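**Student:** Right, I'll just put the structure down here and ask away after.
The values are calculated or read from the model by the stated rules, or taken from the named source; none is laboratory data. As the structure is a computational prediction, the values presented were derived from the model and not from experiment. Cβ placement follows ideal geometry from the backbone for every residue including glycine, while neighbour counts extend to all protein chains displayed. Keep in mind that these areas ignore ligands, DNA and RNA; they rest on the heavy atoms of the full protein, side chains included. Shrake-Rupley method; radii C 1.70, N 1.55, O 1.52, S 1.80 Å.
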Amino acid sequence: MDNNLAVVYLSIFVTILTLAAVSVFRQIFKTRKIEGSFARLRKKLEKEKGTTQEYYELASIYSEKKIYSQAIVLFQKAIKTAQEEGEENIAPIYNGLGYIYFTQEQYDLAIRQYKEALKAKPDYVTGLNNLGHAYEKKKLTAQALQSYEEALKLAPNNPIAKRRAESLRRLVSA
């Protein structure tokens, strides 16, 4: 009986160690991939003008690293390049820039960028969610609720918009 219990414990322990090792290796490979892209893009963009996608990717990496001043500059370059190239899918760039301003608690600038994203792509659900969140931070409950309700019209199963809209409806009706 004790032998069987020991085998069960040992099996559980080995399984946990295996899962932990897999998780660590996945994180290492992900980090190496990001760092490789970061180095490659930075080196390329120091030497020559990049594409909209390259500026966007590098800005996103800077954003993940919380180096916001560099990310802002690169998002702005991405927007300028996109406009020069006639790029149509510009909404994620404005959204990324809005996110940077949001994390720095510059909600008015964030709202402006989210609105630009929605001007470029009116059915951009992520932009609507982010706009609603920025309005909430500014204590503009009615505008926030309106943003979440628009998001729900486009994506009825959107969990963020559902949860936030319900909460705001209760707040408004109280």
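**Student:** Residue under question is ALA144, and the condition is that it be more than 20 Å from GLU64 (Cα to Cα) and buried (at least 21 other Cβ atoms within 10 Å of the Cβ); does it hold? Reasoning before the result, please.
**Tutor:** Details: more than 20 Å from GLU64 (Cα to Cα): yes; buried (at least 21 other Cβ atoms within 10 Å of the Cβ): yes.
Criteria met by ALA144.
**Student:** Here is a further query. Condition (residue is among the β-branched types (Val, Ile, Thr), part of a helix (DSSP H, G or I) and within 28 Å of LYS49 (Cα to Cα)) applied to the range 104-116: is it met by at least one residue?
**Tutor:** No, there is no match, as no residue in the range 104-116 is among the β-branched types (Val, Ile, Thr), part of a helix (DSSP H, G or I) and within 28 Å of LYS49 (Cα to Cα).
**Student:** A follow-up question, please. Looking only at the range 104-116, filter to residues that are under 17 Å from ALA71 (Cα atoms) and hydrophobic (A, V, I, L, M, F, W, C); which one of those is surrounded by the most Cβ atoms within 10 Å (Cβ to Cβ)?
**Tutor:** Filtering first and then ranking leaves ALA110.
**Student:** Do you know which residues across the range 66-110 are acidic (Asp, Glu) and farther than 26 Å from LYS138 by Cα? Quick ask: steps written out before the conclusion?
**Tutor:** Looking only at the range 66-110, we keep the residues that are acidic (Asp, Glu), and these are 84-85, 87-88, 105, 108.
Residues satisfying the conditions are GLU84, GLU85, GLU87, GLU88.
**Student:** Then there is this: Kindly indicate whether GLU87 is open to solvent by 20 Å² or more (accessible area, probe 1.4 Å), assigned to a loop (DSSP other than H, G, I, E, B) and within 30 Å of LYS43 (Cα to Cα).
**Tutor:** yes
**Student:** For a quick check of your reading of the model, give me the residue pairs whose first member lies in the range 152-174 and is open to solvent by 90 Å² or more (accessible area, probe 1.4 Å), whose second is of a type outside the set (D, E, K, R), with beta-carbon atoms closer than 8 Å and at least 6 apart or on different chains.
**Tutor:** Here the result reads ARG169/LEU145; LEU171/THR141, each pair linking the range 152-174 to a residue that is of a type outside the set (D, E, K, R).
**Student:** Among the residues of the range 157-174 satisfying the criterion of being part of a loop (DSSP other than H, G, I, E, B) and over 17 Å from LYS139 (Cβ atoms), which is nearest to the chain's Cα centre (by Cα)?
**Tutor:** Just the residues of the range 157-174 that are part of a loop (DSSP other than H, G, I, E, B), to begin with: 157-158, 174.
Next, only the ones that are over 17 Å from LYS139 (Cβ atoms) stay: 157-158.
On the way: ASN157: 19, ASN158: 16 Å.
Applying the filter and picking the extreme gives ASN158.
**Student:** Which one of these is of a type in the set (Val, Ile, Thr), touching a Phe, Trp or Tyr at 6+ places or on another chain (Cβ under 6 Å), under 28 Å from TYR114 (Cα atoms) and open to solvent by less than 70 Å² (accessible area, probe 1.4 Å): ILE79, ILE61, ILE72, ILE67? Give the steps one after another, and end with the answer.
**Tutor:** On the way: ILE79 fails: touching a Phe, Trp or Tyr at 6+ places or on another chain (Cβ under 6 Å); ILE72 fails: touching a Phe, Trp or Tyr at 6+ places or on another chain (Cβ under 6 Å); ILE67 fails: touching a Phe, Trp or Tyr at 6+ places or on another chain (Cβ under 6 Å).
It is ILE61.
**Student:** If you take the residues of the range 8-50 that are open to solvent by 60 Å² or more (accessible area, probe 1.4 Å) and assigned to a loop (DSSP other than H, G, I, E, B), which of them is farthest from ILE79 (Cα to Cα)?
**Tutor:** GLU48
**Student:** Could you go through the range 66-75 and let me know if any residue there is outside any helix (DSSP H, G or I), polar (S, T, N, Q) and at pLDDT 85 or above.
**Tutor:** Filtering the range 66-75 for residues outside any helix (DSSP H, G or I) gives 66-67.
Still in the running and polar (S, T, N, Q): none.
Scanning the range 66-75, I find no residue that is outside any helix (DSSP H, G or I), polar (S, T, N, Q) and at pLDDT 85 or above, so the answer is no.
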